[in-house]
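**Student:** Got a structure for you, written out below as structure tokens; questions coming shortly.
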Amino acid sequence: MSGPLEELLRHPALWRGSGIVDAPATVPTGFRRLDERLPGGGWPLSTLVEILVPAAGVGEIRLLIPALRALSAARPDEPRWIAWLAPPHLPYAPALADAGLDPARMLVIRPRAGLDRLWAMEQALRSGVCAAVLGWIGAAGDQALRRLKLAAEEGCTPGFLLRPSAHRAECSPAVLRLALMARDYGLDVEILKSRGGGPARIERLPIH
């Protein structure tokens, strides 16, 4: 005589997953040691990535440059913008050109703090005309961050949210969360959250 569990498993209304999760669409970070720790081998696309830094300029832009270069070159017949929303410093055009990025395709947006920044980043993500959106956002509630994630999905645009390390303990809908710390001309990269992966730490990632 079969037990209750066996009867339940035979029920026609029951759906059982195969246990196989499709790898997310990604773009390589350009750093092998980091790619090896990320599901899909790179930055996830069409979603929200959160990068926590102790202070602006620890190396977060150098970490993103290889991916920004690949994303901006992905559609040569349809060039798209890389949007910089409320950056703490104006992007330096000669350095961007040396890194293989076209300064003419950089779009710097300087809205006021608070809801204006969140609204502007949401519109840039949803527009579909950006290869990537970088946003320097401070405090933001869970609902606002979920709107950014949804906008990235709708616009098929990766959104890189750069926030102070003080927000580390907060919940976030971002698919990937990293915490950075400068160390010996490189970066210590801590993976706090990764859909399809687990926490990890990469020490002294050479970014210079």
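Rule-based calculations on the coordinates, nothing more; no lab input. Keep in mind that this is a model prediction, so the values were computed, not measured. Here Cβ is always computed from backbone atoms with ideal geometry, including for glycine, and neighbour counts include all displayed protein chains.
**Student:** Over 28 Å, how big is the tail of the calculated P(r) for the chain, in percent of all Cα pairs?
**Tutor:** 29 percent
**Student:** Okay, moving on. Excluding the sites themselves, what is the longest stretch of the chain that contains no chymotrypsin sites (Phe, Trp or Tyr not before Pro) in a DSSP loop with at most 10 other C-beta atoms within 10 Å? Don't skip to the answer; put the middle values down first.
**Tutor:** Values: sites that count: 15, 185.
Looking at the chain, 16-184 is the longest stretch - no exposed chymotrypsin sites (Phe, Trp or Tyr not before Pro) with at most 10 other Cβ atoms within 10 Å.
**Student:** Normalising by the residue count of the chain, find the relative contact order in percent from Cα pairs under 8 Å and 6+ residues apart.
**Tutor:** 25 percent
**Student:** Note down the magnitude of the dipole of the chain about its Cα centre, charges +1 on Lys and Arg C-beta and -1 on Asp and Glu C-beta and zero elsewhere, to the nearest 20 debye. Working shown, then result.
**Tutor:** Numbers: 25 positive and 21 negative charges, 50 e Å.
Roughly 240 debye, rounded to the nearest 20.
**Student:** Give me the percent relative contact order of the stretch 47-105, please, defined on Cα pairs under 8 angstrom at least 6 residues apart. Mind dumping the intermediate values first?
**Tutor:** Numbers: 24 pairs, mean separation 17.8, N = 59.
Relative contact order, the stretch 47-105: 30 percent.
**Student:** Still on this structure, please answer the following. Using Cα pairs closer than 8 Å and at least 6 residues apart in sequence, work out the relative contact order for the stretch 69-166, in percent.
**Tutor:** Numbers: 152 pairs, mean separation 29.0, N = 98.
The normalised contact order for the stretch 69-166 reaches 30 percent.
**Student:** Find how many whole Å separate the alpha carbon centroid of the stretch 142-186 from the alpha carbon centroid of the stretch 60-122.
**Tutor:** 16 Å
**Student:** Tell me the Kirkwood radius of the stretch 55-136: reciprocal of the mean inverse pair distance over distinct alpha-carbon atoms, in Å. Intermediate values should be presented prior to the final figure.
**Tutor:** Details: mean 1/r = 0.0760 Å⁻¹.
Computed over Cα pairs of the stretch 55-136, the Kirkwood hydrodynamic radius comes out at 13.2 Å.
**Student:** Please work out the ratio of the alpha-carbon Rg of the stretch 168-208 to 2.2 N^0.38 Å and round it to two decimals. Don't skip to the end; give the middle numbers.
**Tutor:** Numbers: Rg = 11.2 Å, N = 41, 2.2 N^0.38 = 9.0 Å.
Relative to the 2.2 N^0.38 Å estimate, the stretch 168-208 comes out at 1.24.
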